[in-house]
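The values are calculated or read from the model by the stated rules, or taken from the named source; none is laboratory data. Keep in mind it's a predicted model, so treat the numbers as computed, not measured. Ideal geometry is used to build each Cβ from the backbone, glycine not excepted, and the neighbour counts take in all protein chains shown.
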Amino acid sequence: MRPPVDQVNLDCELLFEEEFVVVLPRTHHLSKRRFLRLEEIADEPLIIFNRSFSTGLYDKIMALYSKQGLTSHLMARHVEPHEEAGAIMIGSGKGIFLGVGAVVNRSVSGIDLVSVRLNEPEAKIELYMAWRKNEQSTAVVSLLDTARRILGRPAIGNIA
């Protein structure tokens, strides 16, 4: 999960950080770039995840704009590039998508989209695994250990 994590009721552990990407139509004048700066896309109509879907992600995007003294031009917050409606909006030039985990360098619903990394020092967000405090389930403990092993993280000992 992404922040905020309910650390009153949950234990959590950082898995990794996700980098922000900008999803554009392949025909966009910035689509051939290896990375983009926020100031280069600041005037573009913006499509992002709805705040009710991911509070931390939404707030992080708004903070990126605010910290640089930029104003976002929010257009939509209920679509994403993996969905047909989002792909159509982006592909038709109605807006660009800014988010994480949306690496799209292929045709979505017949619309050619590309992802370009956002090159800003703070354009990252943490991704955590979280579990109930005082977890006793061997299945949950096993899942956590497997995630650590796959990601090359050391085991933290017994959870219980």
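Residues in the range 1-41 that are among the β-branched types (Val, Ile, Thr) and in a loop (DSSP other than H, G, I, E, B): 5, 8, 27. Taken over the range 2-52, the criterion of being farther than 25 Å from residue 111 by Cα and among the hydrophobic types (A, V, I, L, M, F, W, C) is satisfied by 5, 8, 10, 12, 14, 15, 16.
Does the range 76-102 hold any residues that are within 11 Å of the chain's Cα centre (by Cα) and at pLDDT 70 or above, and which are they? Result: 97, 98, 99, 100, 101.
Which residues, counting only those in the range 3-41, are of a type in the set (Lys, Arg) and crowded, with 17+ Cβ neighbours inside 10 Å? Give the derivation first.
Start the filter on the range 3-41 by keeping residues that are of a type in the set (Lys, Arg), which leaves 26, 32-34, 37.
Of everything in the range 3-41, nothing turns out to be of a type in the set (Lys, Arg) and crowded, with 17+ Cβ neighbours inside 10 Å.
Only residues that are assigned to a loop (DSSP other than H, G, I, E, B), modelled with pLDDT under 90 and of a type in the set (A, V, I, L, M) were counted in the range 103-133, giving 2.
Taken over the range 42-70, the criterion of being part of a helix (DSSP H, G or I), exposed (fewer than 15 other Cβ atoms within 10 Å of the Cβ) and among the small types (Gly, Ala, Ser) is satisfied by 63, 66.
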